[in-house]
Amino acid sequence: MQESSQTTLYEQLGGQEAIDAVVEEFYARVLADEKVKDLFKNTDMEKQKRHQAAFIAYATGGPNRYRGRTIKKAHEGLGITEEQFMAVATHLSDALKHFNVPQHLIDRVIEIFASLKDDVVEQ
Ligand code: HEM
């Protein structure tokens, strides 16, 4: 089937259920990574997964159900470094690969992630 330009990235990823599964895998990888896991030590991870899944859905052209803080507010004061940002981007990319998402779609998700870097990185 030909990919229509009308189809959103959200739909091409497989919709909310597929995104929920990717987010689960993504945070398993993040929390296993010594470079970043301590940042989440006071975070309610169930809520975090819900918010991240809603944010990714919205950012990829799906329904706007995200009710969390702005990306800038959510990361303020965490002192996230460029290196930590890159590590987390790699975990997201690997989580998408884990579910056999085609590389051209992974590239588009990572582009969106990278476009928000200035709101996340503080050092
Ligand atoms: C563009 C990239 C990123 C996006 C889109 C993103 C998205 C989000 C979202 C939606 C939340 C929830 C906000 C809320 O519940 O109000 C959040 C919280 C959080 N993010 Fe990110 N994030 C990104 C990068 C990162 C990176 C690179 C790290 C760590 C190295 C990180 C660490 C955290 C932490 C620790 C929280 C929880 C803060 C708390 O418990 O109050 N994020 N992020």
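Scanning for something outside any helix (DSSP H, G or I) and within 18 Å of Phe40 (Cβ to Cβ), does the stretch 60-73 turn up at least one residue? Checked against the condition, which is being outside any helix (DSSP H, G or I) and within 18 Å of Phe40 (Cβ to Cβ), the stretch 60-73 yields at least one hit. Candidates in the stretch 75-123 are the residues that are surrounded by 15 or more Cβ atoms within 10 Å (Cβ to Cβ) and of a type in the set (Gly, Ala, Ser); of these, the one that is farthest from the chain's Cα centre (by Cα) is Ala87.
Taking the criterion of being in contact with a Gly (Cβ under 9 Å, 6 or more places away or on another chain) and more than 9 Å from the ligand (Cβ to nearest atom), would at least one residue in the stretch 47-57 satisfy it? Looking through the stretch 47-57, at least one residue is in contact with a Gly (Cβ under 9 Å, 6 or more places away or on another chain) and more than 9 Å from the ligand (Cβ to nearest atom). With respect to Gln16, is the statement that it is under 21 Å from His98 (Cα atoms), within 9 Å of the ligand (Cβ to nearest atom) and out of contact with any Asp or Glu (no Cβ under 9 Å at 6 or more places or on another chain) true? For Gln16, the condition - under 21 Å from His98 (Cα atoms), within 9 Å of the ligand (Cβ to nearest atom) and out of contact with any Asp or Glu (no Cβ under 9 Å at 6 or more places or on another chain) - is not met. Considering the stretch 58-85, and only residues there that are in contact (Cβ under 8 Å) with a residue 40 or more places away in the chain and within 6 Å of the ligand (Cβ to nearest atom), the residue that is nearest to Val109 (Cα to Cα) turns out to be Ile71.
Bear in mind that the values in this text are calculations on the coordinates, not laboratory data. All of these numbers come straight from a predicted model, not from anything done at the bench. Using ideal geometry, Cβ is built from the backbone for each residue, glycine included, and neighbour counts are taken over all protein chains shown.
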